[in-house]
Amino acid sequence: MDQRLTFRTAALLILPPLLWAGNAVTGRMLNGVVPPVTLNLLRWALAFVLLLPLAGWVLRPGSGLWKHWKRYSVLGLLGVGCYNALQYLALKTSTPVNVTLVAASSPVWMIGVGALFFGVRITRRQVLGAILSIAGVLVVLGRGDLDSLMQVRLVPGDFYVLLATAAWAVYSWLLVRPGDPPAIRTDWAAFLMAQLVPGLAWSTLFAAGEWAGGDTHIAWSWPLAGALAYVAIGPAILAYRSWGLGVQRVGPTIAGFFANLTPLFAALLSAAFLGEAPQPYHALAFALIVGGILVSSKR
């Protein structure tokens, strides 16, 4: 793992927040169209089909997946079964502003999980970077106004995002732990497929509980099909590929700061789709978030 942040690595880590911002917008738009946990299952089921031509060999008995099934079961539970299901569920029960606010704790979770469970020492630069990065997110959420920020109130649904962020932090740290067969570790599609197999089992179990527990339905349409294609190809396959490679290069702590670009991109996407012009506070937020990334990643 090389802790130096290069331009290429930064580009890899910028792509996932951009795609995740679109994922949040899409998840909000699909409220009432498809149940949130079921949406997560459909998303990964489609991603599984798309990955079969590239990494179908992982399903064979001698691929290494079944020998290391415990590791991939945990990765599949955290990264596939829980993370986005909790986010989609939060988008149904909470406001996008609150969801983004709670998700802004990502750098803190990355630092805390690394220190508590993986023996990583916390540096002053990381703490300062976390403060700058979260300050940038708060600027976006408060639209540059302290009074607006103080009016934000947390609701029970926000705890789903808190759980999702904690799961993502543990998942990211496990990515850099040894334990993968070389054939799977060196092939990004195979590595994602190895997580997808148990992840789909977890997702199916959770979706079954969702359907058994309430009045659920799916309103099938072409817009829904297009949305499923986007969340499967973009936020799932492309984002996970870029994130995994970026984490392997610079570590979860530095990568965690890039995740805080998501609310900024969400604000810009909202401006593009809703016709709202970007405001000066967007530039201030961008400077704070990027400043946090640079401070935390500097040797």
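The values are calculated or read from the model by the stated rules, or taken from the named source; none is laboratory data. Because the structure is a prediction, the values reported are computed rather than measured. When we count neighbours, we look across all protein chains shown, and the Cβ atoms used for this are built from the backbone with ideal geometry, even at glycine.
Okay, residues lined up against (1) in a loop (DSSP other than H, G, I, E, B); (2) among the basic types (Lys, Arg); (3) on the phi > 0 side of the Ramachandran plot:
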site: 40; (1), (2), (3): no, no, no
site: 43; (1), (2), (3): no, yes, no
site: 50; (1), (2), (3): no, no, no
site: 58; (1), (2), (3): no, no, no
site: 63; (1), (2), (3): yes, no, no
site: 70; (1), (2), (3): no, yes, no
(message) Just to check your reading of the model, which residue among 263, 198 is at pLDDT below 80, surrounded by 14 or more Cβ atoms within 10 Å (Cβ to Cβ), outside any loop (DSSP other than H, G, I, E, B) and in contact with a helix residue (DSSP H, G or I) (Cβ under 6 Å, 6 or more places away or on another chain)?
(response) 263
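Just the residues that are among the hydroxyl-bearing types (Ser, Thr, Tyr) and either closer than 20 Å to residue 269 by Cβ or assigned to a helix (DSSP H, G or I) (or both), please, taken from the stretch 2-37.
Let us first name the residues in the stretch 2-37 that are among the hydroxyl-bearing types (Ser, Thr, Tyr), namely 6, 9, 26.
Answer for the stretch 2-37, where residues must be among the hydroxyl-bearing types (Ser, Thr, Tyr) and either closer than 20 Å to residue 269 by Cβ or assigned to a helix (DSSP H, G or I) (or both): 9, 26.
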(request) Consider only pairs whose beta carbons are under 8 Å apart and that are at least six residues apart or on different chains; among these, list those whose first residue lies in the stretch 23-36 and is at positive phi and whose second residue is loosely packed, with under 15 Cβ neighbours inside 10 Å and not in a helix (DSSP H, G or I). (result) 32/219
(message) For residue 76, only one of the following conditions fails: (1) in contact with a helix residue (DSSP H, G or I) (Cβ under 7 Å, 6 or more places away or on another chain); (2) modelled with pLDDT under 85. What is its number?
(response) (2)
(message) I'd like to check something: does the stretch 231-252 contain any residue that is at pLDDT 80 or above and outside any helix (DSSP H, G or I)?
(response) yes
(request) Could you grab the pairs with beta carbons closer than 9 Å, sequence gap of 6+ or different chains, first residue in the stretch 52-68 and surrounded by 14 or more Cβ atoms within 10 Å (Cβ to Cβ), second one of a type in the set (S, T, N, Q) and assigned to a loop (DSSP other than H, G, I, E, B)? (result) 57/63
(message) Within the stretch 88-97, take every residue that is assigned to a helix (DSSP H, G or I) and surrounded by fewer than 24 Cβ atoms within 10 Å (Cβ to Cβ) and give me the one that is modelled with the highest pLDDT.
(response) 89
(message) Being farther than 21 Å from residue 81 by Cβ, small (Gly, Ala, Ser) and either modelled with pLDDT under 85 or crowded, with 22+ Cβ neighbours inside 10 Å (or both) is the filter here; which residues of the stretch 2-43 pass it?
(response) 21
(request) Run down 165, 100 and say which single residue is under 21 Å from the mean Cα position of the chain (by Cα), at pLDDT below 80 and either surrounded by 20 or more Cβ atoms within 10 Å (Cβ to Cβ) or not in a loop (DSSP other than H, G, I, E, B) (or both). (result) 100
(request) Considering only the stretch 168-182, state which residues are crowded, with 18+ Cβ neighbours inside 10 Å and of a type in the set (Val, Ile, Thr). (result) 170
(message) Checking the condition modelled with pLDDT under 80, surrounded by 22 or more Cβ atoms within 10 Å (Cβ to Cβ) and farther than 23 Å from residue 88 by Cβ, which residue from 257, 191 passes?
(response) 257
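Taking residue 203, is it in a helix (DSSP H, G or I), at pLDDT 95 or above and buried (at least 19 other Cβ atoms within 10 Å of the Cβ)?
Numbers: in a helix (DSSP H, G or I): yes; at pLDDT 95 or above: yes; buried (at least 19 other Cβ atoms within 10 Å of the Cβ): yes.
Against the criterion (in a helix (DSSP H, G or I), at pLDDT 95 or above and buried (at least 19 other Cβ atoms within 10 Å of the Cβ)), residue 203 qualifies.
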(request) Name the residue, out of 257, 286, that is more than 14 Å from the chain's Cα centre (by Cα), closer than 23 Å to residue 131 by Cβ and of a type outside the set (A, V, I, L, M). (result) 286
(message) For the stretch 213-241, give me the residue count where each residue is touching a helix residue (DSSP H, G or I) at 6+ places or on another chain (Cβ under 8 Å) and either farther than 13 Å from residue 27 by Cβ or of a type in the set (Gly, Ala, Ser) (or both).
(response) 13
